[in-house]
Amino acid sequence: MTLRRNTSIAAFAFLALACAMLSSSTPWAAEPAPTVAAGPGESASPGDADTAPGDTSDSAPAAAPGEDQASPQGSEPGKDAGAPGAEETAEPKEAAPEAAPAEKAEEPAKGEEQAAPAKPDEADGKDEKKEAAPAKEEDKGKEAAAPAEGEEAQAESSAAAEKVKAGDIPVPADPVAQAAFEALEQNCSRCHQAGPTLKREKPAKNFGNILHLDELAKDPNFILPGNPDGSKLFIQIAKKEMPYDCYQDFDCKREPTEQEIKAIYDWIKNLGGFAVAACTDRKPIDEEAIVTKIAADLDEQQEHLRKGMRYITLSNLYNACAPETDMVRYRQGVVKLLNSLSREPDVLKMRTIDQEQTIIAFNLEDLGWTEADWNRIISAYPYAMKPDATVYQTVATLTNTPLAWVRGDWFAFTASRPPLYFDLLKLPATFAELEKQENLDIKSDIEKFLVKRAGFQHSGVSKHNRLIERHGISTGYFWTSYDFKGDRPEQSLFVHPLGPDGADAFKHDGGETIFSLPNGFQAYYLNKATGERLDKGPTEIVLDDSQLDRAVTNGISCMGCHNQGIRQASDEIRQHVLNDRTFSKDVRTNVEALYPEQTEFKSVLDEDADHFRGAIKRAGLDPELDSQKVGVESINFLSKAYEKAIDLRLAAAEYGLAVEAFARGLEEAGGAAGQLKRRLEQGVLPREILEADFKDLIVKVSDNEPIVITAVAAADVAKVGGKTKEEAHDFDLALTADNTEYKVDDRPVFTIKSAEDCNLTLVSIDSKGEGEPLLPNRFQQDNFLPAGKELKFPSADAPFTYRVRDPEDVTVVAVCNASGKDVDGIKHDFKKRDFTDLGNYRDFITRQIVVDGAKKIAEGKKAEETGKKAPAAEITSRAAIKIHVK
């Protein structure tokens, strides 16, 4: 394959850097690597009115709470984390990531000056006692190899980071894959590929690698190799959900062609022989291994620090064969989030305690957290399990908690969202209380002209005009916005530029706030105009297309948008008012004082962006790993990993087991566990289902035991899913076969279960691609499936049998429609045929997608022209499995 490159000379300089590292002294566990310049960035998306003139890179700071505009760039001391270092027929029934680049230290960090004496691996030498003890002959080689292993891991992480930042897009040479690549590039990359083709500030739904076909093929959340009808990527097209701008906004230059949809279908089908790399060089890191590593790290701590030591693990992602290019971003996401939840003045630096760099250490005191804060976290943790090993009790005793570690993907999802986000940062319930907390008087600042303002008509997240306003606080800056849900005169900044108080003030509906934490990272706050805190911003005011529900969610949305800190903005109010003498002299004078000239305002934005980027660097992280060029900010990237659907391989990884051992455990347990095994083998499982069942399965598949947290009542935290079928246009639909492999003349039985009342269509596709609906049929025309009820097909009393006739692979597709009976334009005539013949199924479905898509777009445009509401999207769910006939 070829590469579409976005690299610079600096990428080649890295080769020399790696060589130099191999000859240097061993760094401590996660010592940052030297900075390597990033490749050139891309131009900002056209039409972003908030972007400053000529500003096209991530180094352009930005404008306001939750703002999506063009981007900025990149100082203070830090502390390290804790311490040291076949043909089938239906017939009538027969009878009977890190290491990241670092800067040179300018002066010792306050936390480092006051820290206890350096532990082993922190200082230049080794622990004296260990050095004094004579090494066993068999251990000498191991000791000598340790530094090289550390350097090798560090070099691998640094190389992975550079590869991520380069942004190269591999162009496949295989003609089938290339056709799919071109179809995706034409129709999907404008929303889902980081880089020059992206026509928005950040990838929609935090999915920004759609042209990386090799990566997609390994991700069961999007692709089930050889099974396009079961792959989310194709399902979204089949449901006319994507491309979003075509089928939802009714505003695209052209919709996908039948040939393009076939190209995507054929590529996924062609992956049938593709096997996800088993990463055989990785031994699964199980719970005992995690606890053993933690115990060893605790042994290295000063006694007074042990009680507060805590750990965030990425072992499940490592076990699932996540490449280092992902792991380096996951590690960055963990440390960045921890710092974003801290009220301490010093940054928390990256420190991992294992060679694989999957366990990140910190101390509660590093963040200003208490044991109660940690108990709040673990009380809601659904994956708590302990190994059958005495070392567990050692760790529990030393840390004074039954669980001193949690998974990073779960933590990133829950702690970056309310209510846990609010609790850990101690954010108050009202905006007035937040003012007091930050020792700020907004009204007074405005009256004294101590604020800097900018107003503009178009914003990346706000649907109407927006005003942003900066206040100074002891930790740096406090930016707040005034947002509007309409365009009435009193909601227009161009009519009422002053407010929110006064006789002629604007009337806003809410606001978003960003303020700097003592360590230089940022905190976020959403509120109503009346001051009440909000979990999510009203979608009639603000939108975040990176989130599944498109709502701006306090914390996570802001982190993704402000990946480089405060974003750039251009004011449109000052000149508008000063040039319009219909405004009174007092209004013009006040506007001139409150709304600075663009040069001055840009300087303020730049300084604040540098403040944030400097904190990122002091923590040993790399701001460029979070840039627009990379696509998805690291906390969002890690959180997204948690939201994805799971297959058998990923589920096994979460228990620290090899796939074979996990599958065997489920099979031996039988019952619901056995059904779960078949679903995981034959398709994917939504995250929320495994989360709910995880603890019950622990003893069935492993020697571990669930940990029961009794310290506090289970806390409320954000959960994956939870949207209604109307919101999601979807619902859970489980389709499984009673086996995966069959012999000729066997009679498979399929089980279908839906979370919603719906009308079910089952289609069988043979190896030649010929499709035949199994349900409904002449004998069983009622295809209504009640919610929660399992349907066996064919049922024991069905007036027909279903058997496989030839050795082949057979695909069975289930489509359940909660909006009506017909799906995919299938028309039955049971007076003529017992079972409907669709002909070639690929040709049938791709043609129907184009026909139905064009109809949907026409209806949507007509509704917009007449001022009516667009027709509601159909609520359907699709699933497909493959069975093999020997």
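The values are calculated or read from the model by the stated rules, or taken from the named source; none is laboratory data. The structure displayed is predicted, hence computed values, not measured ones. Note that each Cβ is placed from the backbone with ideal geometry, even for glycine, and that neighbours are counted across all protein chains shown. Ligands, DNA and RNA are stripped out before the accessible areas are found, and what is left, the full protein with its side chains, is counted by its heavy atoms. Shrake-Rupley method; radii C 1.70, N 1.55, O 1.52, S 1.80 Å.
Taking a Cβ cut-off of under 10 Å around P871, the surrounding Lys, Arg, Asp and Glu residues balance to a net charge of +3, with basic ones at +1 and acidic ones at -1.
Please list Y477, Y244 from largest to smallest accessible area, probe radius 1.4 Å, with all protein chains kept in place.
Working: Y477 0, Y244 55 Å².
Order by accessible area, largest first: Y244, Y477.
In the stretch 190-235, what is the volume of the convex hull around the alpha carbon atoms, normalised per residue and reported in Å³? Walk me through the intermediate numbers first.
Details: hull volume 3.2 nm³, N = 46.
Here the figure is 70 Å³ per residue.
Using a cut-off of 11 Å between beta-carbons, work out the net charge of the residues near N187 (Lys and Arg +1, Asp and Glu -1, N187 not included). Net of charged neighbours comes to -2.
Here r is the Cβ-Cβ distance between V495 and D214 and R0 is 35 Å; the resulting FRET efficiency, rounded to 0.05, is 0.05.
The simple Förster model, with R0 at 30 Å and r as the Cβ-Cβ distance, assigns A173 and A798 a FRET efficiency of 0.05.
A crude spin-label estimate for the pair D299 and A396, with each label 7 Å from Cα along the Cβ direction, gives 2.1 nm. Could you state the number of Å between the C-alpha centres of the stretch 865-886 and the stretch 433-455? The two parts, judged by their Cα centres, are 49 Å apart. Sorting V591, V164 on solvent-accessible area from highest to lowest, probe radius 1.4 Å, gives V164, V591. Overall, the stretch 549-625 carries a charge dipole of about 120 debye about its Cα centre when +1 sits on the Cβ of Lys and Arg and -1 on the Cβ of Asp and Glu, all other atoms neutral. Distance between the pseudo-spin-label points of D441 and K283 (7 Å out from Cα toward the beta carbon): 6.5 nm.
Work out, step by step, the length gained on full extension between T257 and D703: first 0.36 nm times the residue separation, then minus their alpha carbon distance; give nm to one decimal. List each step's numbers first, then the result.
Working: separation 446, 0.36 × 446 = 160.56 nm, distance 5.29 nm.
The T257-D703 span can extend by a further 155.3 nm.
How much FRET efficiency would the formula 1/(1 + (r/R0)^6) give for D693 and K832, where r is the Cβ-Cβ distance and R0 is 35 Å, rounded to 0.05?
Numbers: r = 46 Å, r/R0 = 1.31.
In this case the efficiency is close to 0.15.
Residues E540, E660, sorted by accessible area with the largest first, give E660, E540 [1.4 Å probe; ligands and nucleic acids excluded]. For the stretch 361-467, list log₁₀ I(q)/I(0) at each q in 0.10, 0.16, 0.19, 0.24 Å⁻¹, using the Debye formula over Cα point scatterers of equal strength and ignoring solvent, two decimals each. Here log10 of I(q) over I(0) equals -0.52, -0.91, -1.08, -1.33.
Highest mean first, what order results for 868-874, 645-651 on Cβ atoms within 10 Å?
On the way: 868-874: 12.7, 645-651: 22.6.
Ranking the peptides 868-874, 645-651 by packing returns 645-651, 868-874.
In the stretch 369-498, the portion of solvent-accessible area held by carbon and sulfur atoms comes to 52 percent [1.4 Å probe, whole percent, DNA, RNA and ligands not counted].
Other residues within the sphere of radius under 10 Å centred on the Cβ of G788, judged by their own Cβ, net out at -1 (K and R +1, D and E -1). Using alpha carbon centroids, what distance separates the stretch 285-313 and the stretch 503-573, in Å? Between the Cα centre of the stretch 285-313 and that of the stretch 503-573, the gap is 38 Å. Taking every protein chain into account, the 1.4 Å probe leaves W479 with about 0 Å² of accessible area, to the nearest ten.
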